Structures are given as C-alpha cells and as structure tokens.
Amino acid sequence: MTYKEALEKIDSLLVFGSHPGLDRIKKLLDLTGNPQDKLKYVHVAGTNGKGSVSNMTASILKNAGYKTGLFTSPHITGFGERMQINNEQITEADIISLTERLFPFVQSMNEKGEIITEFEFVTVMAFHYFAEQKCDVVVLETGLGGRLDATNVIKKPLCSVITSISLDHTAVLGDTLSKIAFEKCGIIKENSKTVFATQEDEVNEVVFTTACERKNVLYTPVNLSVLDSDISGTTVEYSGVKIKLPLLGQHQVKNMQLVLSVVSALKESGLSISEENVKQGIESVIMPARFELFSKEPLIIVDGAHNPGGCKALACAVDRYLSDKKIVCIMGMLKDKDSGTAIEYLRGKFCKVITTSVANSPRRQTAEELKSKAKDVFTDITACEDYKQAVDLALEIAKQEQNSAVLVCGSLYLASDIRVYLSERLNKEHL
C-alpha cells in the first residue's frame, strides 16, 4: 500500500455516521486491543479555541520533558498534522502501517452493517499510534461535541478542558448554548478535574452543575497582565515571568489563561512543570490558520474562523491589528455553518469581499450562495468559485491599493487549500 492509497482508503469512509453513538468505535477498539486504555490524557472540547489550547498545552508538556501526543482536527498542512508526538508529525510509513493493520477490521464491521466513519477510524489510528510510541501524555481534541464524540471512549483523564462555547453544528448538538454546553460536558468524568473558560451564564450553569454532580475539582482561567501587543504577538506577565505569546488576538490571551489553569490542574495530578517550561512552551507554539501572519509583503493573514464565535474574535483581531489597512477578504464557508450570523460580526471590516467555495467538500457552499447571504453585509462583493482565482484576484486588487492587506477566513479547510496555493505562488514570485 502506498501513502496515497492509505489516504484514499481513509477518505472513502463516511464523514458522519448514520446515527450518533460510541458503540461502533468501542467495538473497533475491542477488536484491536483497546490501546486507548494504556494512555493518560488531557481531553479538550469546545466550539472555539480548542485547537489553540491543545497545541499550547502539548508544547508546554513537551518542554517539561514528557513524551506528548497531540491529536487534532481538521489538518491544515497535511494529514500527519492530526497525530503528532513532541511536535513531530506521524510519518507516512506509520500511516501506511496502521491503515494496513486496522482497515480489515473496518471492512469486517462494514459487511455486518456496522459503518465506521472517517473520524472514528482516524481516532482509532491515533490511539494505536500513541500507545505503540509509549507517550506519557496525550492531548486529545474532540472532533464534534463531546458526549458522543469518538474521542470520548477514554476513561478518566488527567483533566477535562471546556473552551469557549458558541452556536455551531446546531443540527447535531442543539440550537441553544445550554444544549451545546451539555454535549461538550459529556467529556467530564467522575472524580476528575475540569478546566473551564467562564462565559455566558447559561453555559456556566451547565458546566458548573455537571462538574459538581460528577465530583470534579473545577479550575477557571488564571489572571495575567498584558504588557504589549502588536502584529508579532502579545507580551504578558504571569507570576513575575514575561511570556511572548506568538498567537495573535485577545481571544488567544484568553486561551492562554485557560492553558495556565490546565498546567495547575496537571501539577495537582503529579506532573512536574516549571515556570520556564510554561514560558518556553508557549513562546514556541505554532498554529497555522489562527490569525496567522502568512506574509508581511504582501501582508496576508490566514484565519480559520468559521462560526459566529470565531468571526466575533476575528473582528476584534482585525480592529486591533489591521484597523489602518484596506482589507481584501477571501471568504468561503460550509453550508452547515451559521454563516449569516457569523459574517454580521465582520460588517464594515473590509473594503472588498471575494466569496469562494471550499473545494472537494460534500458540505460546500457555492460562491454565489455565500454572496447572496453576504450582499447586505458588505458593499463591494464578488463571487469567484475557484479559490485559486479568488486568491489571484485579491492579490491583484491589494497591489492597486496603498496600505492594503489580504485576509482569508470562513473555513479551516479553505485556509488549508489557500495556504498551499499561496506558498506556491509567492515562492515563484520570489525566484
């Protein structure tokens, strides 16, 4: 089997199951030896911020000397990004090996009408990989929700983490913040520790009640001081230590506060983590497509904001870092997102909007469909179905404007595709 063939097998699986539940993945794990039971976890759920929190936490643990696994989704730079150990992505050879060993069990279940989804299979792959590599700790990010998410087959973690919650995936998780919070709180296990970003009252009530009922010690974000902030990052002070957070935006400062509480919880669980480990871990973290300064000349920002909460945070970041720029925005969103509410937060932020579609997604929304939803929000808007043509057009417009910037947003999948194309185009121009 080649690497391409392995990815094709994985991609051939359903994105979503015919019905939600953990029975299928539990059976697949039983058939393959239950590797998930051999590991220790930090389990992270939330609507926004869970990727950043997971990456910062994993970076700190690595710097503290722990062999640290990191499981995230979706990937931005390549499939291997989903499974990392100490910042090193899983190799193509390991992906091939795991697929060859595990896929026959999937086929056997499929023949009996027990359909394993793509995310369930990738989660099982990750459990096997991290167990075989003997990781000390795995930072495990949920895919969708929490209660019925494939990652929730684990037993009691070192701590559960609930990040910012907003309306997203409402068809699956519920149409109110309290319903979505209930699903996220499904990762909270009995007699454990929960780290939580306090927010709207209806969310707080669900999390506080669940943590209390399940006899959890509850940790909320720690206090810190912001000393300076610009396009290169934010300098904060915590316990007398100055830390340069390279991730941009006030929302990332809030994520960092949550991570510092995760550290406190882990130290209470017996892990040894110094202030220097925290400083080095945060300062070395890299997160593509999170208000990422992709290029300084021309100025290009790539962000994966794809729901109302994410776009609200994006709007704040635009005001803070790009308020003096004429921004050309490339925007593409999936059909199942609340794009109407999300883009309202971005009203008045851009001089030009180019809508496009997310390539090769069954949930794709056409450029014209998104334009129709956004035409009353943005005064100058053009639909361009092909994202490469959208990039070319945006860069051409930006060249004609002084003090301009190009911003990509609306989907992590779109951000992934555009990052690749931008790298190819900018490299050619600099030759």
What is the antiparallel percent of DSSP beta bridges lying wholly in the chain, to the nearest 5? 40 percent
I'd like the distance separating the alpha-carbon centroids of the range 105-133 and the range 254-277, in whole Å. 32 Å
For the range 292-430, percent of DSSP beta bridges that are antiparallel (nearest 5) comes out at 25 percent
Those residues of the range 287-301 whose amide nitrogen sits under 17 Å from the label point placed on I231, 7 Å along Cα→Cβ: 289-301
Kindly provide the helix-only [θ] at 222 nm of the chain, computed as the sum of -39,500 (n - 2.57) over DSSP H runs of four or more divided by all residues, to the nearest 500 deg cm²/dmol? -13000 deg cm²/dmol
Within the range 40-156, percent of DSSP bridges classed antiparallel, to nearest 5: 40 percent
Reachable lysines from K337, criterion Cα separation under 19 angstrom, eight or more residues apart if same chain: K50, K179, K184, K312, K371, K373, K375
Sorted by chain and then number, the residues having a modelled amide H within less than 5 Å of the amide H of L407, at least 5 places away or on another chain, are I301, V328, C329, I330
Looks like the range 3-283, by Cα gyration tensor root eigenvalues a ≥ b ≥ c and the a/c under 1.5 rounded cutoff (else prolate when a/b is bigger than b/c, oblate otherwise), is prolate
Using the structure shown, list the pairs from K134/K242; K9/K155; K26/K254; K399/K428 with a Cα-Cα distance above 25 Å, or answer none. K134/K242; K9/K155; K26/K254
Run the reach check for K326 against aspartates and glutamates, Cα to Cα strictly under 13 Å, same-chain hits fewer than 8 apart removed. What comes back? D380, E401
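Just so you know, all these numbers are worked out from the coordinates, no wet-lab data involved. These numbers come from a predicted model, not from an experiment. Please note: Cβ atoms are built from the backbone with ideal geometry, for glycine as well, and neighbour counts cover all protein chains shown.
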